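Here is the structure we will look at, set down as structure tokens.
Any read-out appearing in this document is the output of simple, stated calculations on the displayed coordinates, not a laboratory observation. Only a predicted model underlies this, so the values are computations on that prediction, with no experimental measurement involved. Using ideal geometry, Cβ is built from the backbone for each residue, glycine included, and neighbour counts are taken over all protein chains shown.
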Amino acid sequence: MSTISPARAVRLVVKRELNTRLRTRSFLVGTGLVLVLMIGFFLLQASNAGGKDTSRIGLSGQATGISGPLRAIAAEYGLKVEPATVPSAEDARQKVTSGDLDAAVSGTASDLTVLVKSDLDGKLRAALTRISQQQVLDGELSAGGLRPSDVMSKVNGAKLAVSTVDPPDPDREQRSFIGYAVIVLLYLGIVGYGALVTQGVVEEKSSRVVEILLSTLRPWQLMLGKVLGLALVGLTQLVIIGAVGLVLAKATGVLTIPGAAAGALIWAVIWYLLGFLLYATVFAAAGSLVSRQEDAQSVVAPVSITLVIVFVVGLNVLLKDPDSTTSTVLSLVPVFSPILMPGRIAAGAASGLEITAALLLTVLFVGLFTWIAGKIYQNAVLRTGSRVSWREALGRAH
């Protein structure tokens with residue numbers, strides 16, 4: 001056995017994994033494909049947002065005078081309008097028929113006529129109806145010797161004062177979306193690169209490369225180096241995707257709270273590392289039990305099923321209520337924490353005490369899992385031939 005220091009031994013294995021994995025076709029193509037899909041998604045969202053609730057309105061005759069009020073009142077209904085003067089009613093009809101206009105308005109302000117191709121947008125109907133009613137009201141007030149502007153000033157001054165015990169967060173919807181995105185990315189990263197850990201261990205064992213490596217390294221050094229190396233590979237991909245996604249979301253206007261998204265990305269990095277170390281050590285131990293790739297699926301099935309359960313339960317709990325007691329308690333359980341806690345943090349539902357407790361408990365379990373997995377790996381990785389059972393490996397570990 002070489003006198004190489006443990007830290008240097010682990011570092012050499014990490015470097016080997018990075019040099020090998022970061023240059024693989026699967027990593028480059030996979031990352032590129034995700035980025036292309038993400039660019040398409042954000043461009044589509046921006047396009048839909050840009051054209052949403054926008055109505056092109058043609059005004060003819062005396063109706064051209066309602067252009068200003070129409071813009072203002074439509075905006076109150078959350079509708080964006082683009083009024084345009086049309087020379088005649090016939091021209092307006094042709095433009096509506098061809099689809100150049102969504103609606104054509106003619107007549108007087110108190111007696112408007114609207115021409116549409118098939119159906120009138122509800123918000124536009126409400127805005128035009130309000131304009132007509134306002135015009136009629138102004139006429140009646142003037143006929144009664146009252147100044148419409150004075151009356152409307154008093155009417156508009158009558159407002160309802162509302163106070164709330166727990167005011168809603170206007171950014172909650174975006175925060176929740178960020179939380180869901182973080183959960184999905186973390187789950188896919190842990191599952192995908194966890195499977196690579198198992199695959200790598202089995203490959204080295206079946207080709208007997210592990211025997212050569214263990215002539216220089218201790219088993220736990222090889223296992224930990226492999227896990228850390230693939231963790232950094234996955235982290236590289238996560239940061240690339242997250243950073244590009246953040247820039248695209250901000251540039252396209254899909255996201256208006258980039259600060260919260262950046263904070264969520266930082267927490268995602270922290271929880272990805274903890275979650276990967278927690279589960280990947282078990283994936284490595286599972287890989288050491290078999291000598292063929294065909295047998296690997298059966299030994300990692302319990303780990304994979306656990307991850308699926310954690311993901312499904314965690315996502316559903318977060319969707320239902322990230323502030324609930326169930327969500328809070330589960331986010332403190334180490335096997336759930338790496339998936340659920342970053343989602344709760346992004347949604348603004350986790351307190352500092354809860355985050356600290358979850359971090360400490362998860363770090364404790366990472367150490368425990370690493371120690372147990374290291375023992376299993378040490379006792380099983382050099383045993384070729386038939387599959388080693390979990391019970392046998394754990395028994396020998398004692």
(request) State all residues of the stretch 240-256 that are more than 16 Å from Ile266 (Cα to Cα), small (Gly, Ala, Ser) and part of a helix (DSSP H, G or I); if no residue qualifies, say none. (result) Ala249, Ala251
(request) Can you confirm whether the stretch 79-87 contains a residue that is among the charged types (D, E, K, R) and closer than 30 Å to Glu211 by Cβ? (result) no
(message) Here are the criteria: (1) outside any loop (DSSP other than H, G, I, E, B); (2) closer than 30 Å to Asp102 by Cβ. Tell me which single one Leu141 does not satisfy.
(response) (2)
(message) Quick check on the stretch 38-52. Is at least one of its residues within 30 Å of Arg218 (Cβ to Cβ) and among the small types (Gly, Ala, Ser)?
(response) no
(message) Going by what's in this entry, would Ala380 be described as buried (at least 18 other Cβ atoms within 10 Å of the Cβ) and closer than 30 Å to Ser176 by Cα?
(response) no
(request) Please specify each residue of the stretch 205-234 satisfying the condition of being among the small types (Gly, Ala, Ser) and in contact (Cβ under 8 Å) with a residue 40 or more places away in the chain. (result) Ser206, Ser215, Gly225, Gly229, Ala231, Gly234
(request) Could you give me the residue pairs with C-beta distances under 9 Å whose first residue belongs to the stretch 288-313 and is closer than 19 Å to Leu186 by Cα, whose second residue is aromatic (Phe, Trp, Tyr) and not in a helix (DSSP H, G or I) wherever it lies, and which are 6+ apart or on separate chains? (result) Val310/Phe336; Val313/Phe336
(message) Residue pairs, Cβ under 6 Å, 6 or more apart or interchain, first in the stretch 372-387 and more than 13 Å from Val201 (Cα to Cα), second in a helix (DSSP H, G or I) and basic (Lys, Arg). List them.
(response) Asn379/Arg396
(request) Hey, could you check the stretch 285-328 for residues that are among the acidic types (Asp, Glu) and not in a helix (DSSP H, G or I) and say which is farthest from the chain's Cα centre (by Cα)? (result) Asp323
